[in-house]
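The values are calculated or read from the model by the stated rules, or taken from the named source; none is laboratory data. Since the model is a prediction, treat every value here as computed from it, not as a measurement. Ideal geometry is used to build each Cβ from the backbone, glycine not excepted, and the neighbour counts take in all protein chains shown.
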Amino acid sequence: MKYFILILSLVSLSCTAQKSKISDNTKTDKPTETDKTSVLNTEEQAFFELVLPSGKKVASINQPEEWWASQLDDNAYYVLRKKGTERAFTGRYWDYKQDGLYACSACGMPLFDAKTKYKSGTGWPSYYQPIEEEYIREDTDYDLGYPRTEVMCNRCGGHLGHVFNDGPKPTGLRYCINSISLQFVERDSSEQYMLDYK
């Protein structure tokens with residue numbers, strides 16, 4: 001009888017240990033490929049409609065941060081998604097003088113016309129107005145301890161820069177924008193480019 005109880009106890013301990021081992025092996029802190037796919041590729045999560053001034057609807061991009069991190073290089077991700085700022089006088093467009101449009105580098109939304117660009121002396125591309133007010137969105141931040149008006153792309157929510165009340169006529173505004181948040185479209189191509197956003 002003693003031997004029977006001893007054997008039964010050993011079998012029970014062995015099963016408990018095996019069950020614990022299986023549980024430990026299936027535990028993981030990283031999402032599986034299936035998890036990633038369900039998070040990143042569902043159309044319901046990715047898009048909602050943005051209504052333009054003409055009444056036309058454009059698919060706005062509303063992706064999770066993991067997706068943006070896989071699409072943008074480190075510098076672009078830092079500025080566009082983490083609200084960073086590139087150093088003054090280092091961006092490619094701060095002194096750029098070509099004629100055309102400046103679109104969001106993350107999603108292609110047209111934002112500023114070169115005709116509204118001016119030399120502000122700040123070391124960042126500066127514009128006195130966006131192409132359409134609906135193409136951008138604004139929010140007040142207190143990152144430096146005082147209120148500033150942040151400017152974002154209204155299609156993807158990417159951080160562009162800030163707007164200040166010290167610009168030239170006719171608006172008196174200075175949209176101070178990071179070059180890395182922009183992509184340039186030459187005037188010859190801009191008319192065709194804008195057809196999607198009118």
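All but one of (1) farther than 18 Å from Asp99 by Cα; (2) out of contact with any strand residue (DSSP E or B) (no Cβ under 7 Å at 6 or more places or on another chain) hold for His159; which doesn't?
(2)
Exactly one condition in (1) at pLDDT 80 or above; (2) out of contact with any Cys (no Cβ under 7 Å at 6 or more places or on another chain); (3) assigned to a loop (DSSP other than H, G, I, E, B) is false for Pro53; which is it?
The single condition Pro53 does not satisfy is (1).
Quick one: in segment 154-198, which of the residues that are in contact with a Lys or Arg (Cβ under 6 Å, 6 or more places away or on another chain) and assigned to a strand (DSSP E or B) is surrounded by the fewest Cβ atoms within 10 Å (Cβ to Cβ)?
Step by step, filter segment 154-198, then rank; the result is Phe164.
Need the failing condition index for Tyr146 against (1) in contact (Cβ under 8 Å) with a residue 24 or more places away in the chain; (2) over 22 Å from Lys97 (Cβ atoms); (3) of a type outside the set (Asp, Glu); (4) surrounded by fewer than 19 Cβ atoms within 10 Å (Cβ to Cβ), just the number.
In the conditions (1) in contact (Cβ under 8 Å) with a residue 24 or more places away in the chain; (2) over 22 Å from Lys97 (Cβ atoms); (3) of a type outside the set (Asp, Glu); (4) surrounded by fewer than 19 Cβ atoms within 10 Å (Cβ to Cβ), Tyr146 misses (1) alone.
Give, as residue ranges, the strands (runs of 3 or more DSSP E) completely inside segment 63-144 that count at least 3 residues that are over 29 Å from Arg187 (Cβ atoms).
Fully inside segment 63-144 and qualifying: 136-141.
Mind checking which residues of segment 143-186 are within 16 Å of Thr122 (Cα to Cα), out of contact with any Asp or Glu (no Cβ under 9 Å at 6 or more places or on another chain) and charged (D, E, K, R)?
If the condition is that a residue be within 16 Å of Thr122 (Cα to Cα), out of contact with any Asp or Glu (no Cβ under 9 Å at 6 or more places or on another chain) and charged (D, E, K, R), then Asp166 is the only one that fits.
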